[in-house]
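The values are calculated or read from the model by the stated rules, or taken from the named source; none is laboratory data. Predicted, not measured: the structure shown is a model, and the values here were computed from it. Cβ atoms come from the backbone with ideal geometry, glycine included; neighbour counts cover every protein chain shown.
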Amino acid sequence: MFYRETGQFRTSYAQDSQILPLRQDRIGMAFLLLAAIMIPFVANAYWLSAIMIPWLILSLVALGQNILMGYAGQLSLGSAGFMAVGAFSCYNFILRIDGIPFIVAVILSGVCAALVGIVFGLPSLRIRGLYLAVATLASQFFIVWSLDKFGWFKNYDPSGVITAQKIVIMGYTLDTPAQKYWVVLGIVAVLALLAKNMARGSVGRGWMAVRDMDVAAEVTGLSLLRTKLQAFAISSFYCGVGGALFAFAYLQTVEPSAFTIDLSFRILFMVIIGGLGTIIGSFLGAGFILLVPIFMNIFFHGLFGHAVDASIISASEQVLFGVMIISFMIFEPLGLARLWQLTKERLRLWPFKH
Amino acid sequence: MTAPIQHSTLQPTERAYPIGAPVLELDSISLRFGGVHALTNISFNVLEHEIRAIIGPNGAGKSSMLNVINGIYVPQEGTIKFRGNVLNGMTPTKAAAMGISRTFQNIALFKGMTVLDNIMAGRTLHSHATFLEVAFQAPRARREETESREIAEEIIEFLEIEHIRKTPVARLPYGLQKRVELGRALAARPSVLLLDEPMAGMNIEEKQDMCRSILDVNDHYGTTVVLIEHDMGVVMDISDRVVVLDYGKKIVDGTPDEVRSNQNVIDAYLGVAH
């Protein structure tokens with residue numbers, strides 16, 4: 001009843017292809033952004049630094065993975081490796097270039113990750129599907145190994161765990177969780193908007209064409225080489241920026257062991273659960289994989305904390321989480337984004353059936 | 001070698017785009033896959049604005065012929081001339097850049113995209129905005145997007161598929177998918193259109209619709225059409241000239257009437273007592 005397009009007429013193609021054609025969506029998005037900005041005024045430091053900041057950062061990385069896997073159809077398992085490139089580039093830029101603005105360092109880190117991504121994307125021109133995933137696995141291991149092996153990247157720090165520099169923007173040192181949260185929110189919001197613009201424009205159509213039918217894509221004049229490498233580069237850029245933020249705004253340390261294959265798999269699951277080939281799915285999927293275990297933990301410890309052994313509780317949480325993922329994939333293989341879309345379609349008619 | 005032109009459907013004076021000089025000239029094309037001779041020493045030409053059919057029994061090499069023309073296969077021998085220039089090292093992308101579009105025998109649509117997106121994807125060659133311009137919605141990216149949309153809408157109207165414009169193509173019935181694929185090929189505004197069995201698997205109404213679309217495209221845009229088709233009635237009705245292949249060899253080249261009465265063609269299709 002409230003969510004329908006009645007009375008909203010679009011009279012030009014530009015209007016019809018705008019980012020949020022429905023007035024209700026525009027209002028909703030404005031509210032969401034406003035709420036996101038206001039969160040630090042109501043949430044405590046734990047919520048900000050343990051939940052909101054990692055959620056946003058992992059959403060950004062999932063978005064990068066989604067561009068590559070969901071839109072361009074190139075299965076990759078190297079996202080944590082590209083995150084590591086971003087984190088270490090950011091560390092080195094700030095260390096070695098005096099007075100480099102933090103935002104510039106983050107963007108340059110993304111560019112570094114993009115270059116590495118192009119190199120590791122080269123196999124995609126010859127192999128596809130699961131075989132490509134195995135090939136990109138090499139990037140994961142090679143990058144983490146070389147960051148450990150060559151001391152220059154860590155500035156010859158013997159401990160292996162480097163403390164990340166402070167985030168300094170325009171002379172102000174941002175060290176409270178709220179300030180870091182705003183920085184992360186700003187970067188993630190802008191990059192998500194850019195991703196949406198690419199996805200709905202000619203760039204996204206090129207990616208999806210390569211994903212759906214590469215021979216036909218070539219016949220329309222698309223260069224497979226350029227499109228695939230572009231997808232790898234942009235995806236790795238997002239992962240790299242995410243990695244830099246992950247190290248600087250969340251972990252506050254820069255260490256290769258933070259970017260293991262485990263993290264790559266979690267990001268892969270975020271994309272699959274969230275919904276392949278959707279922007280919103282990256283956020284929903286990251287939220288699901290990151291937050292559900294945390295809430296389950298709090299809930300079960302509150303419920304059985306005194307009666308049952310803690311290790312049994314955490315083991316059963318894992319089992320339950322696994323069951324949730326499996327059953328979710330059976331009932332809604334297209335992910336959380338599909339659920340959201342179905343809800344919107346139902347809302348158009350609600351509460352009247354016709 | 002080249003047959004005279006006769007119009008089975010329209011008188012010459014009625015055509016908005018009269019048939020002109022050769023666009024494509026294929027000279028002694030041979031294509032082998034290992035020991036299999038897919039095409040042997042085939043020569044024919046395609047004239048500007050004509051509808052040219054390639055027919056033949058299964059396995060005659062018709063699809064291979066189209067794949068050679070648009071660079072998916074590279075023949076071992078022979079040359080292809082496009083508007084008088086010899087083509088070397090053809091690729092599908094180069095063919096597209098020269099104005100050659102095509103459809104496929106098995107529908108090759110982008111399944112996860114809507115009809116509109118599929119047709120707009122056909123505009124690839126006309127989108128010059130870089131990914132940064134698209135990401136930041138720079139003026140050029142916006143202008144190209146609107147332009148592509150206008151052309152896509154024109155084609156949608158032309159093919160009478162307005163009602164399904166935002167439907168994902170995977171949900172459409174076969175006949176409509178074929179039409180969308182034609183739309184995608186048209187979106188590039190090609191000068192030569194290659195159609196690989198555009199009417200395969202269609203019922204009679206769908207075939208008639210498709211025939212009308214092909215004739216309209218030819219008449220309205222002056223597009224040169226090269227098509228492969230099994231339905232003899234269709235071929236004889238809409239094409240200007242017909243090449244008949246059998247076992248990778250050209251057996252006849254001529255107007256529909258000549259082809260119809262040719263003994264070799266009858267033998268190839270009906271079989272012959274040895």
Quiz item: Can you pull out the residues in segment B:133-171 that are more than 10 Å from chain A (Cβ to nearest Cβ) and in a helix (DSSP H, G or I)?
Solution: B:PRO139, B:ARG140, B:ILE151, B:GLU154, B:ILE155, B:ILE156, B:GLU157, B:PHE158, B:GLU162, B:HIS163, B:ILE164, B:ARG171
Quiz item: Only one of B:THR255, B:THR224 is β-branched (Val, Ile, Thr) and either buried (at least 23 other Cβ atoms within 10 Å of the Cβ) or closer than 22 Å to B:PHE104 by Cβ (or both); which?
Solution: B:THR224
Practice problem: Name the residue, out of A:PHE283, A:PHE232, that is buried (at least 23 other Cβ atoms within 10 Å of the Cβ), modelled with pLDDT of 90 or more, closer than 18 Å to A:ALA199 by Cα and within 14 Å of chain B (Cβ to nearest Cβ). | Solution: A:PHE232
Practice problem: Answer yes if at least one residue in segment A:237-246 is at the interface with chain B (Cβ under 9 Å from one of its Cβ atoms) and either out of contact with any Lys or Arg (no Cβ under 8 Å at 6 or more places or on another chain) or at positive phi (or both), and no otherwise. | Solution: no
Quiz item: Within segment B:107-115, is even one residue loosely packed, with under 14 Cβ neighbours inside 10 Å and either in contact with a helix residue (DSSP H, G or I) (Cβ under 6 Å, 6 or more places away or on another chain) or at pLDDT below 90 (or both)?
Solution: no
Practice problem: Could you tell me whether any residue of segment B:59-81 is modelled with pLDDT under 90, exposed (fewer than 15 other Cβ atoms within 10 Å of the Cβ), over 17 Å from the mean Cα position of the chain (by Cα) and not charged (D, E, K, R)? | Solution: yes
Practice problem: Could you check how many residues of segment A:212-226 are facing another protein chain (nearest Cβ under 7 Å) and within 18 Å of A:LEU122 (Cα to Cα)? | Solution: 3
Quiz item: For segment B:25-132, list the helices (runs of 4 or more DSSP H) that sit wholly inside it and hold at least 1 residues that are under 22 Å from A:GLY221 (Cα atoms) and at the interface with chain A (Cβ under 9 Å from one of its Cβ atoms); which are they?
Solution: B:92-97, B:115-121
